[in-house]
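Read-outs: derived from the displayed coordinates by stated rules, not from any lab. Only a predicted model underlies this, so the values are computations on that prediction, with no experimental measurement involved.
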Amino acid sequence: MNIFVMLFLLCLVSVSASAEETDRFGGFLVKAPQFYSENSVEYPCAPNSIECFKIKGVISKDTVSSVKQCIRTLEKSGLGHAPRVLLDSHGGDINSAIEIGRLFRKKNVAAMVPGNSVCHSACVFLLAGAKYRNVFGPVGIHRMFPVDTTRKKYSDAQKQYRQRQEFVKKYLEDMNIPEQLFDALTRTPPEKIRILTTNELDVFGLNRWDPVAEEIANASGARRYGLTTTEYLKRKSLVEKHCEAVWYPDSGEDAETFMANSQECVSNIMLK
């Protein structure tokens, strides 16, 4: 499969963030939704789909175990590509989300937020952990917060706050995510969700490949076509402009035909 073609099963639904107050960063602040108790990891992600799984609902320790099992199942199936996951979650346990995110990075997972799904709160850490990312639905962030209501001294609460901040900051740094994301989420009150704009998703690196993975892929692509890296990047830009990269089920074109046409488009540009 060509490195430019990320074939996912998705349903693209328009998402509106009207009626919400905008903050000074240009994003949207909305009331944080009530967490729903449904928690499931579905495999496969949809009938007759490409091989992938879906994380839906509250992220917890049980989610970690289910994700590990899904990835093992995908690996045993003899995949010729990275495992793929669809995300649809309002968040959950930060520790579990970061553990899954690190697993995603280790297993070269590709993640998508479909247009009819959301990725809020701790779900963002799953998205950050993926090496390959596509976002079509709303992604929302806010400041991390403790769930226990135990009475604490200010000094103890301050210590826990600092530890929590450093834990998250170190994770995002390990995932090559710009510091701007950490700054943005810490500035958003925990009772609200800041819906990221398209520009913010790009700036924070949440709707693109991990930069190190992209460097490796660029070098591999240049070798494959016998090009210098500079020339390869020029042609890659043309591929992204002229070749369809995502297949839509309602496009009227079957997946196999789409793949063939996309590959032909890529080859015409790379081999000219």
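General observations
- Annotation: amide H of Val135 within the under-5 Å range of Val113, sequence separation 5 or more or interchain, hydrogens built in the peptide plane.
- Distance violations [Cα-Cα > 30 Å] among Lys106/Lys236; Lys107/Lys159; Lys169/Lys241: Lys107/Lys159; Lys169/Lys241
- Rg/Rh for the stretch 72-169, where both radii come from Cα atoms and Rh is the Kirkwood radius: 1.08
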